[in-house]
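Asks: Sharing a structure below in structure tokens format, with a few things to ask.
The values are calculated or read from the model by the stated rules, or taken from the named source; none is laboratory data. Keep in mind that what you see is a predicted model, and the values were worked out from it rather than measured. Because the Cβ atoms are built from the backbone with ideal geometry, glycine has one as well, and the counts that use them run over all protein chains shown. When the accessible area is computed, the model is the full protein with side chains, heavy atoms only, and any ligands, DNA or RNA have been set aside. Shrake-Rupley method; radii C 1.70, N 1.55, O 1.52, S 1.80 Å.
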Amino acid sequence: MNFTTSDIARITGGTLTGPGDIIVSDLVTDSRQVNFTENAAFIAIRGINHDGHKFIDALFKRGLRVFIVERLPAKVDYYPDVAFIVTENTIDALQLLAAAKRTFFKSTVIAVTGSAGKTIVKEWLADLLGRTSPVIRSPKSYNSQVGVPLSVWKLDDKFKFGIFEAGISFPGEMEKLQRVIDPDIGIITNIGDAHNENFHDHETKAREKLKLFLNASIIIFCRDYSLVSKLIFSDQNLREKNLVDWSFQNPDAKIFVKKRQLDNGHTGLEINYKNTLSDFEIPFSDRASVENAITATSACLAIGMNPSDIKDGLAELI
């Protein structure tokens, strides 16, 4: 789904100056990464130490013809046949565009959050699901207010799954990311000390992260993390969803796991899901990697992936 410059102005509530029929299929925020200009729009973001508006002239000379800005250039007449969409806040505009793109994607969207392990769970889950289905994932650790919408913008109907990670540093940020990703399946890894400085305590931070799952139908989490479990089971909205919890300790969890150390330094896992036992082997023994692999495996089982395909994929994780 591509948008015209008129569509972009309407979606963002911006004011269009210039042609309204230019097709936009790509969004860029870093002038250094503009490798092609046809059908691309540059979003001029202002930060503490940078201002994307300073690069408009250079990008125009390189052929770019669509700019989403917070102010027009002083000599706008110097830019013939260029569409400028003036918005109050270009980061908000980026998020609104990605959220609009998300509404056209009818396959499954998965979001991963937590204090640690987000990126590796996203990567491993994408590798596992990608064995049998086309998958798009957020690149690297694109989990910010800018990185998330840039990732979601890449959604396309040729993919069966979209997998994105979401990170927050301040209260109020997750509601914005929720509107962009609007995941069908939510995964939370754990709650630790990362970015603690802007939250009163771990519970406050956990509540913020769980807002990502407002409309999700499935939530995957480790029941052994008591804070996460308590908040999910006590929330009227969250507890009514399909909760796929995994545990080393509680056999009442949806997924009960027994692990054993193998002689080759790998870890063997016996996983009981829906009264069916499956044996897996992962090429790791450290706690974090084992937990991340189980979380990714739990998601695959909840989605309905064949255990034999999961087993083959786990053996190849790096």
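Asks: Can you list residue pairs whose Cβ atoms sit under 6 Å apart, with the first residue in region 163-174 being small (G, A, S) and the second being part of a loop (DSSP other than H, G, I, E, B) and open to solvent by 30 Å² or more (accessible area, probe 1.4 Å)? Count only pairs 6 or more apart in sequence or on different chains.
Replies: A166/N143; G167/N143; S169/H195
Asks: Please go through region 235-258 and give me each residue that is open to solvent by 90 Å² or more (accessible area, probe 1.4 Å) and either in contact (Cβ under 8 Å) with a residue 40 or more places away in the chain or under 20 Å from G114 (Cβ atoms) (or both), ordered by number.
Replies: The answer is R239, Q249, K254.
Asks: So which residues in region 48-72 are more than 18 Å from I91 (Cβ to Cβ) and either among the polar types (S, T, N, Q) or surrounded by fewer than 18 Cβ atoms within 10 Å (Cβ to Cβ) (or both)?
Replies: Pass one, region 48-72, residues more than 18 Å from I91 (Cβ to Cβ): 57-65, 72.
Scanning region 48-72 gives D57, A58, K61, R62, G63, L72.
Asks: From the residues in region 245-273 that are polar (S, T, N, Q) and not in a strand (DSSP E or B), which one is farthest from the chain's Cα centre (by Cα)? Outline the logic, then answer.
Replies: Let us first name the residues in region 245-273 that are polar (S, T, N, Q), namely 247, 249-250, 261, 264, 267, 272.
Cutting the leftovers down to not in a strand (DSSP E or B) gives us 249-250, 264.
Numbers: Q249: 30, N250: 30, N264: 34 Å.
So the residue we want is N264.
Asks: Filtering region 199-234 down to residues that are over 20 Å from K122 (Cα atoms) and not in a helix (DSSP H, G or I), which residue is most open to solvent (accessible area, probe 1.4 Å)?
Replies: So the residue we want is H200.
Asks: Inspect all residues belonging to region 15-23 and state whether any of them is assigned to a strand (DSSP E or B) and within 21 Å of G147 (Cα to Cα).
Replies: The first filter runs over region 15-23 and keeps only residues assigned to a strand (DSSP E or B), leaving 15-17, 23.
Narrowing the set further to residues that are within 21 Å of G147 (Cα to Cα) leaves none.
No, every residue in region 15-23 fails to be assigned to a strand (DSSP E or B) and within 21 Å of G147 (Cα to Cα).
Asks: Residues of region 274-288 being under 25 Å from the mean Cα position of the chain (by Cα) and free of Cβ contacts under 8 Å to residues at least 24 places away in the same chain, which ones?
Replies: Within region 274-288, just R287 meets the criteria.
Asks: Take the conditions free of Cβ contacts under 8 Å to residues at least 24 places away in the same chain, within 27 Å of P183 (Cα to Cα) and open to solvent by 80 Å² or more (accessible area, probe 1.4 Å) and apply them to D263. Does it pass?
Replies: Values: free of Cβ contacts under 8 Å to residues at least 24 places away in the same chain: yes; within 27 Å of P183 (Cα to Cα): no; open to solvent by 80 Å² or more (accessible area, probe 1.4 Å): yes.
No, not satisfied.
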